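Peer 1: What follows is a structure written as structure tokens; I'll ask about it next.
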Amino acid sequence: MPIRRPALLVLASLLLGGCGTPSLVGTWCNPEGSGCWAWDRFTADGRFEACGRALDDPQPFRGAGTWTLQGQRMCYWVEQATPNFWLPPGQRYCTDIVALDERQHRYRDLDTGAEFTLHRVPDTQRHCPGEVPR
């Protein structure tokens, strides 16, 4: 009889990149037109960094902290942030991952139900405002 892994372990394996499946780990573009207004980077050690410039604010923003995954629910805890980051340090934000492949990551906002799609990019394409180009 084959051994069956619980659905939670299968999804965690998918999101963390086990068994050759797509992984959430990497750099993601928040698209706007033909470019990106923000970038999110998730690392295998559970850290995240976000940076960008919102369309309605001339000041660049940055945030950093940790992320965890339980089932399809991913949560970030903000440890450091510029004053205009959308969450202050000490706050958390959770989403439901609804789709993930090598090119896209789609998630659902738990408060509004709105879905957003991010596009995977090489880390060399991440251009945080105010950062020295690589």
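The values are calculated or read from the model by the stated rules, or taken from the named source; none is laboratory data. These numbers come from a predicted model, not from an experiment. In this analysis, Cβ positions are derived from the backbone assuming ideal geometry, glycine residues included, and neighbour counts consider all displayed protein chains. Protein only, heavy atoms only, side chains kept; ligands, DNA and RNA dropped before computing areas. Shrake-Rupley method; radii C 1.70, N 1.55, O 1.52, S 1.80 Å.
Peer 1: Determine the equivalent ellipsoid of the range 51-121 by diagonalising the alpha-carbon gyration tensor, then write out the semi-axes as square roots of 5 times the eigenvalues, largest first, rounded to whole Å.
Peer 2: 22, 16, 12
Peer 1: If you count only protein heavy atoms with a 1.4 Å probe, what accessible area per residue comes out for the range 61-134, rounded to a whole Å²?
Peer 2: 60
Peer 1: Using mean Cβ contacts within 10 Å as the protection proxy, how do 60-73, 116-129 order, highest first?
Peer 2: Output ranking for 60-73, 116-129: 60-73, 116-129.
Peer 1: What does the C-alpha gyration tensor say about the overall shape of the range 17-91? Classify as rounded when a/c is under 1.5, otherwise prolate if a/b is larger than b/c, or oblate.
Peer 2: oblate
Peer 1: Separate question: Would you please give the residues with an amide H less than 5 Å from that of F85, counting only those at least 5 places away or on a separate chain, with H modeled from the backbone geometry?
Peer 2: R62
Peer 1: Quick one: pull the percent of accessible area on the range 13-125 belonging to carbon and sulfur, 1.4 Å probe, ligands and nucleic acids left out.
Peer 2: Here carbon and sulfur together make up 51 percent of the probe-accessible area.
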